[in-house]
Amino acid sequence: MKTFTSILSISALALTLIFSGCTNNEVEPDSADQVIGAYSATTYSESINGVAQSIDLTNALIKDNVAISFDVAKKAASTLTLVLSISQRDSTGTMQTYNDTYDSIELKALGNGNFEMLNAGTSVGQIGNGNLSLEETYPDTDESGNTVQVTVKIAATKSL
């Protein structure tokens with residue numbers, strides 16, 4: 001009887017050790033996997049030397065003439081390829097589309113599912129939780145030949 005009790009105790013101990021070693025560890029997906037998809041722009045803002053104008057791209061009068069979207073694809077665990085598409089109706093009524101590709105956007109975790117987007121080490125916006133904001137500043141020349149500072153901001157939400 002003592003042998004049976006010892007075997008039972010050893011079996012119980014073994015089962016306890018086996019099950020205590022098993023935990024439900026959910027693996028968090030790669031940062032790129034958390035944000036890939038299609039995004040539709042909701043606002044477009046442009047500032048020239050600090051003077052800004054903003055366009056609500058959800059306005060019915062505007063959305064038939066201007067559309068901006070992003071296609072976000074995974075390149076590596078924390079690297080994206082981002083394709084920006086801007087379509088605008090020309091004077092003949094034809095939609096003209098311009099695409100710009102950001103080939104290696106690095107993601108830096110900000111917490112709570114949000115990431116800073118870095119292009120060659122420079123911040124170009126944020127992405128996460130169904131939202132994307134792209135911001136770039138660059139020098140340009142106005143019609144008089146003067147150098148101006150242009151800042152473009154585009155806010156978008158993930159398409160369902």
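Over the chain, give the accessible area per residue in Å² for a 1.4 Å probe, as an integer. Can you show the working numbers first?
Working: 10450 Å² over 160 residues.
In whole numbers, the chain has 65 Å² accessible per residue.
Computed in the context of the full set of protein chains, the accessible area of the chain at 1.4 Å probe radius has 53% of its extent on carbon or sulfur. Of the residues Gly145, Gly113, Gly130, the one that moves most in a GNM of the chain with alpha-carbon contacts below 10 Å is Gly145.
Calculate how steeply helix 2-21 sits against the longest principal axis of the alpha-carbon atoms of the chain, using the helix alpha-carbon long axis, and give the answer as 0 to 90 degrees to the nearest 10. Rounded to the nearest ten degrees, it is 10. Working note: 222 nm ellipticity from helices only, DSSP H runs with n ≥ 4, each -39,500 (n - 2.57), summed and divided by the residues of the chain, gives -5500 deg cm²/dmol to the nearest 500. Once the mean of 1/r is taken over each pair of separate Cα atoms and inverted, the stretch 32-158 shows a Kirkwood hydrodynamic radius of 15.6 Å. Between the residues Gly121, Pro139, Phe70, the greatest Cα displacement towards the positive end of the dipole of the stretch 32-158, with unit charges on the Cβ of Lys, Arg, Asp and Glu, is found for Phe70.
Under 5 Å from the amide H of Thr43 lie the amide H atoms of Leu57, Ala155, each residue being 5 or more positions distant or on a separate chain, with H modelled from the backbone and absent for Pro and chain starts. Of the residues Thr43, Thr137, Thr94, the one that moves most in a GNM of the chain with alpha-carbon contacts below 10 Å is Thr94. Computed from point charges on the beta carbon alone (+1 for Lys and Arg, -1 for Asp and Glu), the dipole magnitude for the stretch 32-158 about its Cα centre is near 440 Debye.
For the stretch 56-102, the alpha-carbon radius of gyration amounts to 1.43 times the rule-of-thumb value 2.2 N^0.38 Å expected for a compact globular protein.
So which residue, out of Ile55, Ile127, Ile68, gets the largest mean-square fluctuation from a GNM of the chain using Cα contacts under 10 Å as springs? Comparing Ile55, Ile127, Ile68 in the GNM, the peak value goes to Ile55. Taking K and R as +1 and D and E as -1, what net charge do the other residues with C-beta under 14 Å from the C-beta of Leu82 add up to? My count for the surroundings of Leu82 gives -4.
The values are calculated or read from the model by the stated rules, or taken from the named source; none is laboratory data. For clarity, every value in this text was computed on a predicted model and none was experimentally measured. Note: ideal-geometry Cβ built from the backbone for every residue, glycine included; neighbour counts use all protein chains shown. Note: areas computed on protein heavy atoms with side chains; ligands, DNA, RNA excluded. Shrake-Rupley method; radii C 1.70, N 1.55, O 1.52, S 1.80 Å.
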